[in-house]
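Can you keep this structure in mind? I'll have questions shortly.
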Amino acid sequence: DGGITQSPKYLFRKEGQNVTLSCEQNLNHDAMYWYRQDPGQGLRLIYYSQIVNDFQKGDIAEGYSVSREKKESFPLTVTSAQKNPTAFYLCASSQQGFGYTFGSGTRLTVV
Amino acid sequence: AQSVTQPDIHITVSEGASLELRCNYSYGATPYLFWYVQSPGQGLQLLLKYFSGDTLVQGIKGFEAEFKRSQSSFNLRKPSVHWSDAAEYFCAVGARYGGSQGNLIFGKGTKLSVKP
């Protein structure tokens, strides 16, 4: 079955470390998205990509980086510049206008 | 500015009671409208969507929503709530545009609690 896979489900980061969250889709969707979710704040867009080798900053891109070298993959790196990275991260993909399909999320905790 | 408002942050209903979750939007073009549900620690699952045609749309798990253009609303309803419906619900609006104009705009969510 087609879908989106996020890994790992839980991730722990030490202060000053970069960590990378994986997002893979086999839906043949062109667009992919990364959201951050904090309690009571809904979904906040970090980065999105409408096509391979191109991506755009969302509302809260500072301290994050992405790449889109393959249509299926859109990894998110949380850099040491992100001062408050503890959150739930959601990846999504879409074909334009048909709504998003979401992964099951990665919970990142700073230790 | 384009936006989605879910006025109720938290709603509690008794099991078996009816449910209505409100969603209002501000959008420049003809909107595509969506409702998603999220269980704790999980991703978002699509409940239903409206693109065009009949303004009353049916979704999964017995949910329905009605698009009212004059009121810029897309409220979610269920006639009889089950304990398993306890979750957070998100309304979203978008359009079939290319590029970033087609990105969905999400409301901040309504958390539903169900009393036994």
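The values are calculated or read from the model by the stated rules, or taken from the named source; none is laboratory data. Predicted model, so just to flag it, every value in this text is computed and none were measured. With ideal geometry, Cβ positions are generated from the backbone for all residues, glycine too; neighbour counts draw on all protein chains shown.
For the range B:10-38, which residues satisfy the criterion of being modelled with pLDDT of 95 or more, part of a loop (DSSP other than H, G, I, E, B) and over 12 Å from the mean Cα position of the chain (by Cα)?
B:Glu15, B:Gly16, B:Ala17, B:Ser18
What's the number of the condition B:Thr55 fails, among (1) in contact with a strand residue (DSSP E or B) (Cβ under 6 Å, 6 or more places away or on another chain); (2) within 14 Å of chain A (Cβ to nearest Cβ); (3) farther than 28 Å from B:Glu15 by Cβ?
Here B:Thr55 clears every test but (2).
Given (1) at pLDDT 95 or above; (2) out of contact with any strand residue (DSSP E or B) (no Cβ under 6 Å at 6 or more places or on another chain), where does A:Gln95 come up short, assuming only one miss?
(1)
Which residue out of A:Val52, A:Val66 is hydrophobic (A, V, I, L, M, F, W, C), more than 13 Å from the chain's Cα centre (by Cα), under 21 Å from B:Asn103 (Cβ atoms) and more than 11 Å from chain B (Cβ to nearest Cβ)?
Result: A:Val52 is the single residue among A:Val52, A:Val66 that is hydrophobic (A, V, I, L, M, F, W, C), more than 13 Å from the chain's Cα centre (by Cα), under 21 Å from B:Asn103 (Cβ atoms) and more than 11 Å from chain B (Cβ to nearest Cβ).
Give the range B:24-38 a look and list any residue that's within 13 Å of another protein chain (Cβ to nearest Cβ) and touching a Ser or Thr at 6+ places or on another chain (Cβ under 9 Å), or say none.
Across the range B:24-38, the qualifying residues are B:Thr30, B:Pro31, B:Tyr32.
Here's another thing I want to ask about it. What number of residues in the range B:78-91 are closer than 25 Å to A:Gln37 by Cα and either more than 14 Å from chain A (Cβ to nearest Cβ) or at pLDDT below 95 (or both)?
4
Could you go through the range A:10-21 and let me know if any residue there is out of contact with any helix residue (DSSP H, G or I) (no Cβ under 8 Å at 6 or more places or on another chain) and closer than 24 Å to B:Val4 by Cβ.
No, that holds for no residue.
Hey, another quick one. Looking at (1) exposed (fewer than 13 other Cβ atoms within 10 Å of the Cβ); (2) under 25 Å from B:Gly109 (Cα atoms), find the lone condition where A:Pro85 falls short.
It is condition (1) that A:Pro85 fails.
Is it the case, given these coordinates, that B:Gln45 is within 14 Å of chain A (Cβ to nearest Cβ) and crowded, with 19+ Cβ neighbours inside 10 Å?
No, not satisfied.
Out of the residues in the range A:13-36 that are among the basic types (Lys, Arg) and in a strand (DSSP E or B), which is farthest from the other protein chains (Cβ to nearest Cβ)?
Step by step, filter the range A:13-36, then rank; the result is A:Arg13.
On to the next question. Which one of these is within 28 Å of A:Gly3 (Cβ to Cβ) and either of a type in the set (D, E, K, R) or surrounded by fewer than 13 Cβ atoms within 10 Å (Cβ to Cβ) (or both): B:Ile9, B:Ile60?
B:Ile60
Any residue at all in the range A:37-45 that is in contact (Cβ under 8 Å) with a residue 40 or more places away in the chain and in a strand (DSSP E or B)?
yes
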